[in-house]
Amino acid sequence: MLADRLIAYLLPLVAAACTLLLLTLAWQDLRHRRLPNKWVAALGALYLLASPALASPLLPHLLVGLVTLLFAMVLTARGLMGGGDAKLICVLMLWAGPEGALATLFWITQFGLLLALLGFAAQKGLRRGTPRWLRQPLRCLTAKRGLPYGVALACGGLIAIASQLN
């Protein structure tokens, strides 16, 4: 009982840590097209820390994460998804659970579509001779380097985690 109360008081700190991790992951993916394992694992560990204080039981969340892992492994093996993206979406589905999985996927795809459009626009912007100060930000977004889908995953993840912690 006391442990549950303590964890409930720590939930705002968990929310802040998750937000910081997701923003850092998005930035890393934009700059380097990499999602470091230690930060993805930390996000998963934060779910396990917070789960006793959340309204829904742990097992259904673990099952959603496992099913997502199986699908993500197939997509990664076929070259349709990067390994970092696969790990991150599994952790985000762990957070979302069965109640929030579809909504989380919806938001991830919406942010992914926006990201793809920005990537193509950035590529066109670079072709037209942009000012020097704008070249580096546009290069981060260009679709030519591959879509930094970790950004879309992080945006959808912020919504998923916020819905679980409220």
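Please treat every number below as a calculation from the coordinates, not as lab data. This is a predicted model, so every value here is computed, not measured. Glycine gets a Cβ as well: all are built from the backbone with ideal geometry, and neighbour counts include every protein chain shown.
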_Output wanted: per-residue J couplings in Hz (rounded whole) for the range 18-26, from phi through Karplus 6.51 cos²θ - 1.76 cosθ + 1.60, θ = phi - 60°, x for Gly and Pro._
5, 4, 4, 4, 5, 5, 5, 4, 4
_Are there any trypsin sites (Lys or Arg not before Pro) in the range 1-105 that are in a DSSP loop and have at most 13 other Cβ atoms within 10 Å? List them by number._
Arg78
*So, counting K/R as plus one and D/E as minus one, what does the shell of residues with Cβ under 15 Å around Arg34 add up to?*
+3
*Between Trp133 and Ala45, what FRET efficiency comes out of the Förster formula 1/(1 + (r/R0)^6) with R0 = 25 Å and r the beta carbon distance, rounded to 0.05?*
0.05
*By the scheme Lys and Arg +1, Asp and Glu -1, what is the net charge of all other residues having a beta-carbon under 15 Å from that of Ala77?*
+1
*Taking the alpha-carbon centroid of each part, what is the distance from the range 89-120 to the range 36-62 in angstrom?*
17
*For the chain, what is the mean residue ellipticity at 222 nm derived from helices alone (per DSSP H run of n ≥ 4: -39500 (n - 2.57); sum divided by total residues; nearest 500 deg cm²/dmol)?*
-29000 deg cm²/dmol
_Give the lysines reachable from Lys38 as a straight Cα distance under 25 Å; neighbours fewer than 8 places away on the same chain don't count._
Lys87
*Give the order of Thr24, Thr104, Thr109 when sorted by the count of other beta carbons within 10 angstrom, beginning with the fewest.*
Thr109, Thr24, Thr104
*Which ordering of Trp39, Trp95 is given by a fewest-first count of other beta-carbon atoms within 10 Å?*
Trp39, Trp95
_Least to most buried among Ile108, Ile159, Ile89 (fewest other Cβ within 10 Å first)_ = Ile159, Ile108, Ile89
*asked:* Please compute one quarter of the surface area of the Cα convex hull for the range 33-143 and express it in square nanometres.
replied: 8.4
